[in-house]
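The values are calculated or read from the model by the stated rules, or taken from the named source; none is laboratory data. Small disclaimer: the values here were computed from a predicted structure and weren't measured. Every residue, glycine as well, gets a Cβ built from its backbone with ideal geometry; the counts of neighbours run over all protein chains shown.
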Amino acid sequence: MSDLYHVSSSPHVRAKDTTSRIMLYVIIALLPTSLFGIYNFGYKALVLILVTIASCVASEWVFNKIVHKKQTIDDLSAVVTGLLLALNLPATLPWWEAVIGGVFAIVVVKCLFGGLGQNFMNPALGARCFLLIAFAADMTKFGITKNGIEVYSSVTPLAAMRNGEAVNTMDMLIGRTAGTIGETSAIAILIGAIFLILMGVINLRIPASYIVTFAVFMLLFGGHGFDGSYLTAQLCGGGLMLGAFFMATDYVTSPITPMGQIIFGICCGILTGLFRCFGANAEGVSFAIILSNILVPLIEKHTVPMAFGQVKEAKKQEGGK
């Protein structure tokens, strides 16, 4: 009889996907925007990507070695963090500042809080915001390579629109604009996002609620009414697309409940709109997402579905009243 009650330890249903496989999918999805960034900004973008990834992987290896923890670099999460951080940096950033960002992302934001699954904000975005504060001048110096010549400019399309200047929406869709390495081409980002959706890595709850909320906010408070060109430029400009599909959807720092994911996306959209319309900076995606990351425990607390059997009990109590 004892054999009838013998049950193996949970989980009893195991998914085929592993952390390393999911991270590999994310890396593959980021290849289009990474390759376009290298094409757009030249060899400096490639160097910055390689240096940032190397600093993240090395930081995790050294930290685990010091604290005598099992090495986790084979799960590829450090590679994804390094790649995402690099794509959020201008190609003109000095390499040693990128190394500092990589160390901060892994050691301070990720490992000191317990490693993968324990960090309270996206490590890449946390490091980007740190670099924005520590090296503001270098983080806002953008450049682009045209016909083999490096053309430097501190004006992104979003900054130009804030100054009342006209922008070319088609250039923003393709990516022929100034900006960070991975944020310029909306088309390249969407190609990667479609891959993640088809592979089942992400769903559309967070990106859709984020983008729709932001679009509505800009229509109401952007000061341009129902101007389709202005709205399209706002959607394609800056890190909105990259943030909505690749960083707001981070498993660790986003809600796990379906309703919570929608609320989280709405929070990101509202905060991004507030920063862009009323903030001192023309961007705002990074700060919007990490602030929303902090709200995740509160969001999940109020969106946890009732356990099986409690719904009927709750209805009985309401009927009794």
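Remark: residue 30 matches the filter, which requires a residue to be among the aliphatic types (A, V, I, L, M), out of contact with any strand residue (DSSP E or B) (no Cβ under 8 Å at 6 or more places or on another chain), assigned to a helix (DSSP H, G or I) and surrounded by 17 or more Cβ atoms within 10 Å (Cβ to Cβ).
If you check 109, 99, 79 for being free of Cβ contacts under 8 Å to residues at least 24 places away in the same chain and not small (Gly, Ala, Ser), only one passes: 109. Looking only at residues in the range 54-99 that are within 23 Å of residue 238 (Cβ to Cβ) and among the β-branched types (Val, Ile, Thr), the one that is farthest from the chain's Cα centre (by Cα) is 92.
Checked against (1) more than 21 Å from residue 18 (Cα to Cα); (2) surrounded by fewer than 18 Cβ atoms within 10 Å (Cβ to Cβ), residue 61 passes all but condition (1). With the structure loaded, tell me whether residue 56 is at pLDDT below 95, within 20 Å of residue 290 (Cα to Cα) and part of a helix (DSSP H, G or I) or whether it fails that test. No. Take the range 184-202 and flag every residue that is surrounded by fewer than 21 Cβ atoms within 10 Å (Cβ to Cβ), touching a helix residue (DSSP H, G or I) at 6+ places or on another chain (Cβ under 7 Å) and part of a loop (DSSP other than H, G, I, E, B). Once the filter is applied, which keeps residues that are surrounded by fewer than 21 Cβ atoms within 10 Å (Cβ to Cβ), touching a helix residue (DSSP H, G or I) at 6+ places or on another chain (Cβ under 7 Å) and part of a loop (DSSP other than H, G, I, E, B), the range 184-202 yields 199, 201. Scanning the range 241-263 for residues that are more than 21 Å from residue 105 (Cα to Cα) and among the hydrophobic types (A, V, I, L, M, F, W, C) yields 241, 256, 259, 262, 263. Taken over the range 41-52, the criterion of being touching a residue at least 40 places away in the same chain (Cβ under 8 Å) and either surrounded by fewer than 24 Cβ atoms within 10 Å (Cβ to Cβ) or β-branched (Val, Ile, Thr) (or both) is satisfied by 42, 44, 47, 49, 51, 52.
Here residue 218 fits the description: over 19 Å from the mean Cα position of the chain (by Cα), closer than 19 Å to residue 159 by Cα and surrounded by 19 or more Cβ atoms within 10 Å (Cβ to Cβ).
So which residues in the range 219-258 are among the aromatic types (Phe, Trp, Tyr) and closer than 22 Å to residue 170 by Cα, if there are any at all? Passing the criteria: 226, 230, 245. Only one of the numbered conditions (1) under 25 Å from residue 139 (Cα atoms); (2) of a type in the set (Ser, Thr, Tyr); (3) not in a loop (DSSP other than H, G, I, E, B) is not met by residue 249, and that is (3). Residues in the range 100-123 that are surrounded by fewer than 17 Cβ atoms within 10 Å (Cβ to Cβ) and part of a loop (DSSP other than H, G, I, E, B) were compared, and the one that is farthest from the chain's Cα centre (by Cα) is 114.
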